[in-house]
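Here the structure comes first, spelled out in C-alpha cells, and everything after it is commentary.
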Amino acid sequence: MNPAAPSFRAGLYAAFALIAYGLSWYYNGQLIPLLAMASIVLMIWGAAVWWPRLREGLPWPRGFLPVFMLLWLVWFGLTLFWSGSPYSSWFYFWVLGSLPLVFLISVLIPEPVAEQFWLWLWRGVLASAWILSGMALWQYYQWMGQGIALVNLRPYGPLLDTNSFAAWLNLLFFPTLAVYFVQDGRRRTRFLSGGADPVALFYLLTLTLLLFAFFSTNSRGGLLAWACTMPFAIWGLWRQPAARARFVLIFGLAFIALLLMGYAHGFDLIGHLAPGYISSNISTVSRGLMWVATWHMFLSHPWLGTGMGSYFLNYPAYRLPDELASAGTYTHNDYLEYLAEGGLINLGFLLGFAAVLMYAMYRLLYRAGKALQVPDERRLPALGLVLGVFAITGHALGNFIFYNFPLSLLAGLFLARAWRIYGVQGETAPLLPRIGINHGVITQALLVLAIVVASWNLIADAATFALLSDNGWLNRVITNPNQRALFLLKAADVLTLVRPLATQPHVYLANTYLTLADRETQPDAAHRRTLIKAALSQYRQSLVGIPQQSGVWNSIGTLYLAQGALLDLDKTHRDRQALLAWRKGLAINPESISLRNKIAQLAYVDQGQLKEGVAFLGAGLQRPLFPYPRSNLQMDIALTQWRAGEKHAAELTLLQLLRDNQGYTPAVSWLQAIHRQSAHGAATPH
C-alpha cells in the first residue's frame, strides 16, 4: 500500500469528524439545518469507514463494548416506531444516537489509519478547547463591563445552558490533564528546574485557559463533577515523575481561577453547595419538583416511555404548581429523562454506559494498569479520555448533558479512542458469510439506501426550518411579497409530500387555506367549503408527527366554531366539535389561558351558566402559571364575574390581581373606571 494512502485517509476521516463536531456547536435543539448537515457528514464518514469492511464481509471488533454500542444505536432507531411524537424523536435520534454512532465508526477504522486519525482529531479537539475557553472569557468580561446582573454573569459559550457548557469544559480538561502529565514527565530535569518542554508548556497553558473558563461558569454541578473526578485522576497519575509538584501546580491554578473568576459573584460558588442553600434555592427546589413530575410521566408510560425528545411536549400536563423556575425543556437529569422518554430499557442502556466507564477506569487504574501490558504513554491518555466522559456522565445526574449534540458526539469519539487502548481484543472472522450473506455488495447497497433515505428526510427538515420557521433571509432574496408568498405556498406543498411527518408545512398550508377562504369575494360556497376542508385536513395531518400541539387543537376548534356552517354542521354539532378540540388542547397544555377561556365561554357562559364558567376559570388558578398568564386568567375571571352581576366579586378579583401583579395596566384602568363612575352607575369594562 502506498504509505501516503493511510495518511490521506486518516486526514479525511479526521476532517469528517471535526466538521460534524464543529457543526454541532450551535444546534442547541433549534437550528435544524446544523443538525442535518452534521448528521449527513457523520453518515458520509461512516460510509467511508464501513464500505471496505462490508466488502471484506464485516470483520467485527471482539469485546463487549462494540456490541453494546451497536445494540444501543439499534434501540434508539427502534424507539422511533412507537414514539408518541415520532417527528420530534427523529431529531433526538441523531443527538443522542451520535454517541454510539461515532463510537462504531471510530472503532472500525483500520489500525494503521486509526493512530494517525487520532493525531489529527486530537489537534482539532485542542483547538476547540482554546476557542471555547476564549468564548467563555470574552463573554464573562464583556458582560461584566456591561453591568449584567450577577446571576446572569455566567458564560455559556455556543450552548444555551451554562451548566452544560461547564460539562463540556470538564470533558476537555481531563484528557488534556493526562496528556500534560505524560508529556511533561518525559523531561530528564527536575520539575520547574529549567528546560521546559514547549509541548508540555502548551498543554499547561491549555489547562490554565480551561480552568479559568470553567470557573467563570460558576456551575455547581460542574464543580461537583470536577471534584468527584479529580481523585481518580490523582490515583492514576500519582506515580508519574514529579506528580506531586504538578498536582500542586494544577490545584494552585484552579484556586487562582476560582478567586479571579468568582470575585464578581462574591465567591458564592462554594456557599451555594451548602445544604441549607440547596434546600431553599429556587433552582434546586425546581429541579426536585421537575424530577417528581418526570417520575409521574414515567408511571404513565412505564414500558416504552413517551418517545425520545418528547419531554418538553408532555411536561406541561405534569408540571407541579410550585415549579415556575424552568422552561420545562429538559428535566435536568438525563437518567430520569431517559426513563420517562424510553422506559426501563432506555434507562438500562444509560446505566450500562455508566457501568462501562467504571469498568474502563478499573482496568486503567488497577495495579497501575499493568495487567493491560500497555505503556503509560498510551494508558494514561486513555484514562484521561475515560475520566472526561465519566465527569459528564456524573454531571448528567443534575443537568441535561447528553441532550447537547457536541457533548454526545465528543463522548463517543473519546470512548472509542480509549477502548482501542484498553479493550481491543482483535477481530472476529467476517460475520456476513457466517449469516449467509456472501456478497458484500448487498449490505453496501443497504447502507447506501439507508444514507439516502435519512439524508432525504434531514434535508427536508432543514428546508422546512429555513423556509417556514426562520425565513427572514428570504425577504432579501425574493423582495416581492406576493411572489414570496406564492413561493412559500408551493414549497410547503412540496414539503408535505416529501416529508409527511413534518408539522410546519401542514400548519402553514392550513393557515393559508383559511386566509384564502376568508378573502374569498365570490359567493361560491362550494369553493370556500373546499378550502375549509383542506385546512382542516392539513391541521389534522400536522398532528401525526407531533400530536401534542395544543395550538393546532386550538385552531381546529376555532375552525369548527367559525366555519362549521360551511361544513354542513348545525350549531350543536359545531359547538361540540369545537369544545372537543379545545379540551384536547387544554389536556396537552393545562396552562393555556386562551383555551381555558374559550371553553368557559362556549360551554358555560354562552349557555347562561355564568357561575359554572367562573368556577371553571378559577380552577385554572390551581395550575402552575407564570405571573403574566396568571394575571390574564384573573382578568378573564373578573370579566365573567362582572357579566354574571357579581360586581363586588369582580372588584375583589381585580384587587387580588393587583396584589400579585401591580403593573397589570388593564386591571388598574378598569378599577379606576369603576371608581369614577360609581356615583353615576355601574362601570362597563372595555
inquiry  = For region 319-350, give me the residue count where each residue is under 14 Å from the mean Cα position of the chain (by Cα), part of a helix (DSSP H, G or I) and not aromatic (F, W, Y).
reply    = 3
task = Write out, first by first residue and then by second, each pair whose Cβ atoms fall under 6 Å of each other, whose residues are 6+ apart or on separate chains, and whose first residue, in region 229-244, is modelled with pLDDT of 90 or more while the second is surrounded by fewer than 18 Cβ atoms within 10 Å (Cβ to Cβ) and not in a loop (DSSP other than H, G, I, E, B).
result = W235/L365; G236/L365; L237/A243
ask   = Any residue at all in region 617-639 that is part of a helix (DSSP H, G or I), farther than 30 Å from L313 by Cβ and either basic (K, R) or in contact (Cβ under 8 Å) with a residue 12 or more places away in the chain (or both)?
value = yes
remark   = By residue number, the members of region 569-582 that are touching a residue at least 12 places away in the same chain (Cβ under 8 Å) and farther than 18 Å from I593 by Cβ are R574, D575, Q577, L580
task = Could you identify the single residue in I44, I40, I19, I32 that is within 17 Å of L96 (Cβ to Cβ) and aliphatic (A, V, I, L, M)?
result = I32
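Hey, any hits in region 145-157 for a residue that's over 24 Å from F402 (Cβ atoms), part of a helix (DSSP H, G or I) and within 23 Å of the chain's Cα centre (by Cα)?
Narrowing region 145-157 to residues over 24 Å from F402 (Cβ atoms): 145-153.
Imposing the further condition that a residue be part of a helix (DSSP H, G or I) reduces the set to 145, 150-152.
Subsequent filtering for residues that are within 23 Å of the chain's Cα centre (by Cα) retains 151-152.
Yes, region 145-157 has at least one match.
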query = Just one of the numbered conditions (1) open to solvent by 20 Å² or more (accessible area, probe 1.4 Å); (2) under 15 Å from the mean Cα position of the chain (by Cα) is not true of P110; which one?
reply = (2)
Residue within region 638-647 that is surrounded by 20 or more Cβ atoms within 10 Å (Cβ to Cβ), at pLDDT 90 or above, over 30 Å from S310 (Cα atoms) and touching a Phe, Trp or Tyr at 6+ places or on another chain (Cβ under 7 Å) present = no
inquiry  = Please return the ranges of helices (runs of 4 or more DSSP H) entirely within region 27-118 where 1 or more residues are modelled with pLDDT of 95 or more and among the basic types (K, R).
reply    = none
query = Looking at L468, L509, L446, L516, which one is more than 28 Å from L566 (Cα to Cα) and touching a helix residue (DSSP H, G or I) at 6+ places or on another chain (Cβ under 6 Å)?
reply = L468
task = Scan region 131-154 for residues that are at pLDDT 95 or above and under 20 Å from L224 (Cα atoms) and jot them down.
result = S133, A136
query = Going by the structure shown, is T306 assigned to a loop (DSSP other than H, G, I, E, B) and crowded, with 19+ Cβ neighbours inside 10 Å?
reply = yes
key: Count - residues of region 487-506 that are in a helix (DSSP H, G or I) and closer than 13 Å to L467 by Cβ   = 13
key: Wholly enclosed helices (runs of 4 or more DSSP H) of region 182-301 bearing at least 2 residues open to solvent by less than 40 Å² (accessible area, probe 1.4 Å)   = 198-216, 220-237, 243-262, 282-300
request  = Might you let me know whether region 85-97 holds any residue that is without any contact (Cβ under 8 Å) to a residue 60 or more places away in the chain, of a type in the set (A, V, I, L, M) and under 23 Å from V448 (Cα atoms)?
outcome  = no
remark   = Apart from one, (1) surrounded by 15 or more Cβ atoms within 10 Å (Cβ to Cβ); (2) touching a residue at least 40 places away in the same chain (Cβ under 8 Å) all hold for Y318; the odd one out is (2)
query = Which condition number does F390 fail, the rest of (1) at pLDDT below 95; (2) within 27 Å of V95 (Cβ to Cβ) being met?
reply = (1)
inquiry  = Condition (residue is open to solvent by 20 Å² or more (accessible area, probe 1.4 Å), farther than 30 Å from A492 by Cα and small (G, A, S)) applied to region 607-615: is it met by at least one residue?
reply    = yes
request  = Quick one: count up the residues across region 127-157 that are surrounded by fewer than 17 Cβ atoms within 10 Å (Cβ to Cβ) and in contact (Cβ under 8 Å) with a residue 24 or more places away in the chain.
outcome  = 5
ask   = Looking at this structure, is R434 within 33 Å of the chain's Cα centre (by Cα) and under 22 Å from F64 (Cα atoms)?
value = no
request  = Among residues belonging to region 305-328 that are among the hydrophobic types (A, V, I, L, M, F, W, C) and in contact with a helix residue (DSSP H, G or I) (Cβ under 7 Å, 6 or more places away or on another chain), point out the one that is nearest to E341 (Cα to Cα).
outcome  = M308
From G84, G185, G145, G134, residue being more than 20 Å from S408 (Cα to Cα) and touching a Ser or Thr at 6+ places or on another chain (Cβ under 7 Å) = G84
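The values are calculated or read from the model by the stated rules, or taken from the named source; none is laboratory data. Everything numeric here is computed off the predicted structure, so don't read it as measured data. Cβ coordinates were reconstructed from backbone atoms using ideal geometry, including for glycine residues, and neighbour counts include every protein chain displayed. Just the protein is used for accessible areas: all its heavy atoms, side chains included, with ligands, DNA and RNA removed. Shrake-Rupley method; radii C 1.70, N 1.55, O 1.52, S 1.80 Å.
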